[in-house]
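Handing you a structure now.
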Amino acid sequence: MTTTLAVDVAGLEKNFGSTRALDGLDLRIETGTVAGFLGPNGSGKTTTIRILLGLLRSDGGRAMLLGGDPWKDAVALHRRIAYVAGDVTLWPNLTGGEAIDILGSLRGDLDRTRVDSFLQRFDLDPTKKARSYSKGNRQKVGLVSAFASRAELLFLDEPTNGLDPLMEGVFTECVAEARAEGTSVLLSSHIFAEVEKLCDTVTIIRDGRTVESGTLSELRHLQRSTITVTLDGDPSVLSTLDGVNDLVADGGHATFTVDSGALPRVLAALAPLNPRELVSSPPSLEELFLRHYGVHAAATE
Amino acid sequence: MSTTGILTMMRFIVRRNWLRMLIWLVVLAGMIPLVIDSQRELFPTQEARDAYAQVANTPAIAALTGLPYAAGTLGGILNIKLWMTLAVALSLAVVFLVTRNGRAEEEGGRTELLRAGVLGRHAYSLANLIVFTVFAAIVGLACSALAISQGLPAGGSVFMGASFVGVALVFLGIAAVTGQLTTTSRGANALASAVLAVAYLIRAGADVEADDDRAAWFTWLSPIGWGQQMRSYGENLWWPFIVCVVVAVLLCCIALALERRRDLGAGILPDRVGRRGASAFGRTQLGLTLRLQRSSIIGWTVGILVGALFFGGVATAMANLLTGDNPIAQAFIGESKDVLDGLLGFFTMANALLVAAFALQSSDTIRSEESTGRAEAQWSSAISRIRWAGVRMIVPAVLSLILLALSGAAIGLAFGAAVGDASQAPRFMVASIAYWPSILLVIGVVVLCAALIPRAASAVTWGLYGVAVVLSMFGDLFGLPDWVVRNTPFTAVPRLGQDFAALPLIVLTALAIVAGAFGLWRLRTRDMTSA
C-alpha cells in the first residue's frame, strides 16, 4: 500500500447549474477507521458520496478513493466498495431476497451464507415483494446487501432512516464488526449518539465546505467544557477569572463554561473556595454541531 | 346495522369517481354514433349490406368480435363492429372501479380509517356495488338512446344497451368476489381480468364452432356469451338478461358473506410467498432485464400475434369492399399493384409499428431505472454504464427481430388460410423482417434521448413515435410532399410486393448505430440525474 487513506478528498467542487453544491470540501478517511460525516440537509453530503461513487463528476479539486480515481476507475473500484443510500429504492415486483442477490452479483462477491446471517440479524423476510416493504425494511435490504459484501470501504448515507431502536442497535454492532475486520466506513448521519458511539473521526460540513474535522477528542479540545460546582465560598469571584464564561451563580451553586486551556488556572482558583461537588462535562457532539449552525453560528457572522 | 352510513359512502364514492365515470361514459357511449355514421357511409344501400352479410361470417371475425347475425341490417353491422369492444370495455371499467374503491382502499389503509368511525361492516362495499351498478345502467341507457337517435330500431337498441349492462353486472359481481379473495388491488384486478379473458376465449371457441349463425352450446358457460345470446337487433331475447342479473346478485351476496367472515385487510386466498433469492440466471443483467419485463413481453407477444392473425384474416374481405377509386383505398395501395397487395403491405407495416412500440417501451427502462432512483445502486456496483445500458438495448433488439419474424409468418398463414394457399408465410416473414433496421433506429433514438435529455426523454421518444405512426399510416391523406411521406423510418422500407432495395435498410442501420453509440458514450460521460 502506498497510501493509508481510504478516501482522500481536497478542495472538491461541484456546481449544478448556478447552484454551488460543493465549495472546496475536504474529507480524509484513514484505512480501517470509521468517519462520521455531519451536515444539515442540502449541505453536500450526498453529492460528495455520489462523486466518490463515480455517479457525478467533480468540477474541481482532488478526489481519491482506495488509491484510484472515482470517475475513471469506477468499475474496478466498485468491486471493493458497498453503498447504502438514505432512501433505498427497489424493484417493486422483485422480492427483497432477489434484490440482494442481484446487487451482490453485480458487485461479484455474493455470499449466500453471509447474506442469510445478516437477514437473520436484521430480522428481514426476503420472500416479500419490495412493493410491500415499509421504509425501514427497504433500508434493511440495502444494509444486508452492504454488510454481507466483503467490501473494503462502506458508504452509508443516513442508513438508519426508518429503523426502529432495536435495529439501530444491530446496525451499530455491524459497523463495529466491520471496523474490527479492517473495513473503512464513511457514515453520514443526523444521529449524534450514533456518530459519537461509532466514529473515530468526524467531519462537519456546511454549504459544501468542511468547517471542522478531526477526532472527537481533538474537536472537543477546541471547545469549552461546562462545569457545575457547589461551593462554600462566594462564587462571584469566578467572574473575574480569565477563561471563565457564561457564569450563572445562585448561592453556593455555580455553572460556567471554561476554555480547555484555562482549566488548570480555574481549578486552582476554585480550590480555596472549598468545592464540595464538581461536575465537568465535555461538549457533546450536538453542541459542537449546533455551534456551526445554530444561533451561535449566526451571531459570529 | 351493518349498512349504517351507506348513503354517506355512496356520496363519497361518487365524489371521488365522478370524473372517471364521466370519461368512461363519454368514450364508451360516444363510439355508438361514430360507428353508426361510418358504417352508414360504408354500406349506404341495402345491396351493399346484403353483399357484406355474404362475406362477414369468417372465423377471424367470429373469434374476435363475435358470431355475426343479422349482418344485412345496420344494427347487425353495429353489433359486429362494436358490441364486443363495448361489452369487454364496460366490464373492465366496472372491474377497475370496484377494485379501486374496494380492495385498493383497504390495502391503502383508508378503509380502516372509515370503519373505525360510525360505519357498518358492509356499508362501504354495498355502496360501492350500488354506485357502479347505477353507472353500468346509465352507460347502457346512453348506448340505447344514442342508437335510437341515430335511427336504429328502438327494440333492438334497448336490448343492445341491456346486454352491455347484463355482462357488466356479472363482472361487477366477479370483481366484488376477487376483492374479497386477494389482499392486493393488483391481485384483485388480475384475477377478475383473468376470468374475463377466459369468458372471452370460451365464447370465441363457441362462435367459431357455430352452426350457421348459432353459436355452439358452450357459449352458455361464458357471461359474455349470455349478452351475445340476447341477440339484439335479431330475435331480441330478454331472458339471458335475467340470467346475468341473478348471477350478479348471487356473486355480490357471496362477496358480502366473505366480508363478514374475514378480518379487515386480510384476504381469503393465501398471500403468495416470493422467491427467497434470485436464480443463477436471474442474477445476471440479462436475466434481470427479462425478469422485470416478463409480463410485458408476454402481453406484447400475444397481442401482436393476435393482431397479425386478424390482419391476415380480414385482408381479402376488406380488399373486396374497397374499390380502387375510394380515397382510403388509394392511400392503402400506394405503389402496389392492386388493393389487396397494398392492403397487405399496409398491414405488414402497421404490424411493424406495433413491434416498434414494444421495442420503445422495453428500451425506455434505461431512462425509467434512472428516474426512479434504482439505477443508483446498480451504477455504483461493478458494471459499466455502457454494459448496463447495452443489455437493455440488446433485449428489445433481439426480441423485436423474433416478433417481426413470428408476426410476419402469422399474417402470411392467416392470409394463406383465407385464400387457400399455404405457401404465403415465408414471403410475409421476409417483408416483416425488413422493418428491423427501423426498429433498431427507434432503440437508438431512445438511448440517445435518455442520455441527452433524461427528464424529457420519455415524452420526446413517444412523441416522435406518434409522428412516425401518423406519417406512415396516413401521410398520403394529409397531402404532404411525396419525399417526406416516402422517407420516414417506416415508409422508407420496401413494402411487401414492392421491389427490394437495400439502400434504405443500410441507411437506417447506420443511423441506428450512430444514435445508439453516441447515446451510450454520452450516458457514460454525464452525471447521474437524481430521482
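Put a dot 7 Å past each Cα toward the Cβ at A:ALA76 and B:ILE254; how far apart are the dots in nm?
For B:ILE254 paired with A:ALA76, the spin-label model returns 6.5 nm.
Taking square-rooted eigenvalues a ≥ b ≥ c of the alpha carbon gyration tensor, is segment A:224-282 rounded, prolate or oblate, where a/c under 1.5 means rounded and, failing that, a/b exceeding b/c means prolate?
In terms of gyration-tensor shape, rounded.
Just the accessible area for A:VAL175, please: 1.4 Å probe, Å², rounded to the nearest 10?
Result for A:VAL175: roughly 0 Å² accessible.
For segment A:5-220, give me the percentage of DSSP beta bridges that are antiparallel, rounded to the nearest 5 percent.
55 percent
Follow-up. How many times 2.2 N^0.38 Å is the alpha carbon radius of gyration of segment B:1-270?
So the Cα radius of gyration is 1.07 times the expected 2.2 N^0.38 Å.
To continue, here is another question. Within the accessible area of segment A:224-282, what % is carbon and sulfur when the probe is 1.4 Å and the other protein chains stay in place?
Roughly 53 percent, rounded to a whole number.
Let me ask you something else. Between B:ARG261 and B:LEU201, what is the spin-label point distance in nm, taking each point 7 Å from the Cα along the Cα→C-beta axis?
That separation, rounded to one decimal, is 2.8 nm.
Follow-up question, since we're still on this one. Seen from all sides and averaged, what is the projected area of the convex hull of the Cα atoms in segment B:37-144, in nm²?
Average projection, Cα convex hull of segment B:37-144: 9.0 nm².
Follow-up. What FRET efficiency would be calculated for the residue pair B:ILE506, A:LYS128, taking the C-beta separation as r and a Förster radius of 56 Å, to the nearest 0.05?
0.65
Here's a follow-up. Which whole-number percentage describes the relative contact order of segment A:224-282, with Cα contacts under 8 Å and a sequence gap of 6 or more?
Reported as a whole number, the value is 50 percent.
In the full protein assembly as shown, how much of B:GLU376 is accessible to a 1.4 Å probe, in Å² to the nearest 10?
Around 20 Å² of this residue is reachable by solvent.
If you don't mind, there's one more thing I want to ask. If we sort B:84-91, B:147-154 on the protection proxy, mean other Cβ atoms within 10 Å, highest first, what's the order?
In descending order of packing, they fall as B:84-91, B:147-154.
If R₀ is 51 angstrom, what is the calculated FRET efficiency for the pair B:ILE402 and A:THR215, using the beta carbon separation as r and rounding to 0.05?
0.25
Same structure, new question: What is the helix-to-structure angle for A:96-107, meaning the angle in degrees between its Cα long axis and the longest Cα principal axis of chain A, kept from 0 to 90 and rounded to the nearest 10?
It works out to around 90 degrees.
Another question, then. Below 8 Å between Cα atoms, with a sequence gap of 6+, how large is the relative contact order for segment B:1-270 in percent?
Averaging sequence separation for qualifying contacts and normalising by length gives 24 percent for segment B:1-270.
For the protein assembly as shown, compute the number of Lys pairs whose alpha carbons are separated by less than 23 Å, excluding pairs fewer than 8 positions apart on the same chain.
Total qualifying Lys-Lys pairs in the protein assembly as shown comes to 9.
Right, something else. Which sequence of B:TRP300, A:TRP71, B:TRP483 reflects their accessible areas, 1.4 Å probe, from the largest down?
Largest accessible area first, the residues go B:TRP483, B:TRP300, A:TRP71.
Sticking with this structure for a sec: Sort segment B:151-203 into rounded, prolate or oblate with this rule: let a ≥ b ≥ c be the square roots of the eigenvalues of the Cα gyration tensor; rounded if a/c is under 1.5, and if a/c is not under 1.5, prolate when a/b is larger than b/c, oblate otherwise.
The shape class here is prolate.
For the protein assembly as shown, give the share of DSSP beta bridges that are antiparallel, in percent and rounded to the nearest 5; count only bridges with both residues there.
Roughly 70 percent of the beta bridges in the protein assembly as shown run antiparallel, per DSSP.
What helices in chain B pass both tests, a Cα length along the helix axis of 30 Å or more and a mean Kyte hydropathy of 0.5 or higher, using whole DSSP H runs?
B:6-42, B:123-149, B:154-181, B:185-208, B:239-261, B:294-321, B:339-363, B:385-419, B:503-525
If you take the accessible area of B alone, add that of A alone, and subtract the area of the pair, what total do you get in Å², probe 1.4 Å, to the nearest 100?
Roughly 3100 Å².
I've got another one for you. Would you please give the FRET efficiency between A:SER117 and B:ARG186, computed as 1/(1 + (r/R0)^6) with r the Cβ-Cβ distance and R0 = 35 Å, to the nearest 0.05?
Given R0 = 35 Å and the Cβ-Cβ separation, E is 0.60.
While we're on this one: Quick one: if you stick a label point 7 Å off each Cα along the C-beta vector at B:ASP482 and B:ALA145, how many nm between them?
Spacing of the two 7 Å Cα→Cβ label points: 5.2 nm.
For segment A:45-174, with all protein chains present and a 1.4 Å probe, just round the carbon and sulfur fraction of the accessible area to a whole percent.
48 percent
Report the full-extension gain for the segment B:ALA154 to B:LEU237: residue separation times 0.36 nm, less the Cα-Cα distance, to one decimal in nm.
28.5 nm
As I understand it, the value is the acute angle between the Cα axis of helix A:135-148 and the longest principal axis of the Cα atoms of chain A; what does it come to in degrees, rounded to 10?
So the inclination is approximately 80 degrees.
How large is the accessible surface of B:TYR52 in square angstrom, using a 1.4 angstrom probe and rounding to the nearest 10?
Surface open to solvent at B:TYR52 totals about 10 Å².
Using a Gaussian network for chain A with springs between C-alpha atoms less than 10 Å apart, which of these wobbles most: A:GLY61, A:GLY251, A:GLY162?
Fluctuation is largest for A:GLY251.
Cut-off 10 angstrom, C-alpha nodes, Gaussian network model of chain A. Which of A:GLY42, A:GLY68, A:GLY17 fluctuates the most?
Among A:GLY42, A:GLY68, A:GLY17, the largest mean-square fluctuation in the Gaussian network model of chain A belongs to A:GLY17.
Counting only other chains, what is the mean number of Cβ atoms within 10 angstrom of the Cβ of each residue in peptide B:368-377?
Taking the mean over all residues of the peptide, I get 4.
Here's a follow-up. By the gyration tensor of its Cα atoms, with a ≥ b ≥ c the square roots of the eigenvalues, what is the shape of chain B: rounded for a/c under 1.5, prolate for a/b over b/c, or oblate?
oblate
Ordering B:TRP226, A:TRP91 from largest to smallest accessible area (1.4 angstrom probe), what's the sequence?
Most to least solvent-accessible, the answer reads B:TRP226, A:TRP91.
Now a separate question. In peptide A:129-135, how many Cβ atoms from other protein chains are near each Cβ within 10 Å, on average?
For peptide A:129-135, the averaged partner shielding equals 2.
Accessible area of chain B with a 1.4 Å probe: how many percent of it is carbon plus sulfur?
Summing carbon and sulfur atoms, their accessible area is 69 percent of the total for chain B.
Could you work out the relative contact order of chain B? I mean the mean sequence separation of Cα pairs under 8 Å and 6+ apart, divided by the number of residues, in percent.
13 percent
Oh, and also: Mind putting a number on the dipole of segment B:1-270 about its Cα centre? Charges go on the C-beta only, +1 for Lys and Arg and -1 for Asp and Glu, and I need it in Debye to the nearest 20.
With only Lys, Arg, Asp and Glu charged at Cβ, the dipole is about 1120 debye.
Based on DSSP H runs of at least 4 residues, each adding -39500 (n - 2.57), what is the mean residue ellipticity at 222 nm of chain A after dividing by all its residues, to the nearest 500 deg cm²/dmol?
-9500 deg cm²/dmol
A further question on this structure: With a 1.4 Å probe and all protein chains in place, put A:GLU13, A:GLU286 in order of accessible area, largest first.
Descending order: A:GLU286, A:GLU13.
Beta carbons within 10 angstrom, averaged per residue: use that to sort the peptides B:269-281, B:352-364, highest first.
B:352-364, B:269-281
What residue among A:PHE256, A:PHE289, A:PHE192 shows peak mean-square fluctuation when chain A is described by a Gaussian network model with Cα springs under 10 Å?
A:PHE256
Only helical DSSP H runs with n ≥ 4 go in: add -39500 (n - 2.57) per run for chain B, normalise by residue count and round the 222 nm mean residue ellipticity to 500 deg cm²/dmol.
-24000 deg cm²/dmol
Something else: Which whole number gives the average, over all residues in B:504-513, of C-beta atoms from other chains lying within 10 Å of the residue C-beta?
Taking the mean over all residues of the peptide, I get 0.
The values are calculated or read from the model by the stated rules, or taken from the named source; none is laboratory data. None of the values given here were measured: they were computed from a predicted structure. All Cβ positions, glycine included, derive from the backbone under ideal geometry; neighbour counts span all protein chains shown. To get the accessible areas, we keep the full protein, side chains included, count just its heavy atoms, and leave off ligands, DNA and RNA. Shrake-Rupley method; radii C 1.70, N 1.55, O 1.52, S 1.80 Å.
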